[in-house]
Amino acid sequence: MKALLAAAIWMLSVNANGQETLRLYAAGSLRGVMTEVRAAYAQAGGPKVAGEFGASGFLRERLEKGEAADLFASANMEHPQMLAKSGKGKVVRRFIRNQLCALVGPSFNIRSDNLLDAMLDRGVTLGTSTPKADPSGDYAMEVFEKADKLRPGAGAALRARSLQLTGGPNSPKPPKDRSIY
């Protein structure tokens, strides 16, 4: 965690250029850690950092349309690389990795050895983020592909039953102090 904070503080410092306020666009999955980074940066004497959090694909689209950010922390490498290729971004660096997690209600007895069985249970509702708009949705589709390799037909069944609940253009926004997940 300290290494992440140091790396993010360094990135913000590089982009500061004497500005009073820096603009951070970051994946919703990074809200917690980037809030800590902003606080640590302020404590270290850096300028204020205004944060904008959401699906990386939508943040990328906003930047493509002309909004400006000093730092874009995406949940994948594809979105910042697209911005750099189009001239809307400069340097792309990996500084953290995401892991996809299964979030389940407390009444379920889910472990790694029975997760796929539970996901394939027709009585279980699956919710994902929206592929292409939010990397978490892309990751979910990768999990469904891997499930298909373990059990032929499982991927198609999971895709057909999953509800895209977050990360899409019409998805509800989370409260300001909460992650969408």
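The values are calculated or read from the model by the stated rules, or taken from the named source; none is laboratory data. Quick caveat: nothing in here was measured; it's all calculated off a predicted structure. Here the Cβ positions follow ideal geometry from the backbone for every residue, glycine too, while neighbour counts run over all protein chains shown. The protein model used for the area step is the full one, side chains on, heavy atoms only, and it has no ligands, DNA or RNA in it. Shrake-Rupley method; radii C 1.70, N 1.55, O 1.52, S 1.80 Å.
Contact map, the range 116-133: residues that are under 18 Å from residue 29 (Cβ atoms) and among the small types (Gly, Ala, Ser) paired with residues that are part of a helix (DSSP H, G or I) and open to solvent by 50 Å² or more (accessible area, probe 1.4 Å), Cβ distance under 7 Å, separation 6+ or inter-chain. Pairs shown: 133/58. Selection within the range 169-179: residues that are out of contact with any helix residue (DSSP H, G or I) (no Cβ under 8 Å at 6 or more places or on another chain) and not charged (D, E, K, R). The member of this set that is farthest from residue 138 (Cα to Cα) is 175.
Within the range 137-172, the only residue that satisfies the criterion of being acidic (Asp, Glu) and crowded, with 19+ Cβ neighbours inside 10 Å is 138.
If you go through the range 80-94 and keep only what is touching a strand residue (DSSP E or B) at 6+ places or on another chain (Cβ under 8 Å) and either of a type in the set (A, V, I, L, M) or in contact (Cβ under 8 Å) with a residue 40 or more places away in the chain (or both), you end up with just 83.
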